[in-house]
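Undergrad: Structure incoming, see below.
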Amino acid sequence: MNNQENNNTSKRGFASMPEERVEEIAKKGGHASAEKAGHEGMAERGRAGGHASAEKAGHEGMAERGRAGGHASGRSKSSQEEEEE
């Protein structure tokens, strides 16, 4: 009988570790990956991710993101001006 059948779920692997330890291990993995790929490799991964995101969202989706970003930066700028007065 497996754990799902008897509703006896035991924590194993990362689930049994303190959150700080899991974060430490994940951080090491990220650093190792970055070292292996180097700066250009990481930049290429970023570009590929951006292209994939843009392709998924389409032209209108990306335009909406741009408008939303512009509105957000405009709000923060105007609120900063009010604070200076």
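Undergrad: Once you list every other residue whose beta carbon is under 12 Å from the beta carbon of H51, what net charge do they have if Lys and Arg are +1 and Asp and Glu are -1?
TA: Summing Lys/Arg as +1 and Asp/Glu as -1 gives +1.
Undergrad: Along the stretch 45-58, what does the Karplus equation 6.51 cos²θ - 1.76 cosθ + 1.60 (θ = phi - 60°) give for ³J(HN,Hα), rounded to whole Hz, x for Gly and Pro?
TA: 4, x, 4, 4, x, x, 5, 5, 5, 5, 5, 5, 6, x
No value in this document is a laboratory result; all are computed from the given coordinates. Note that the coordinates shown come from a computational prediction; the quantities given were computed from them, not determined experimentally. Virtual Cβ from ideal backbone geometry, glycine too; neighbours counted across all protein chains shown.
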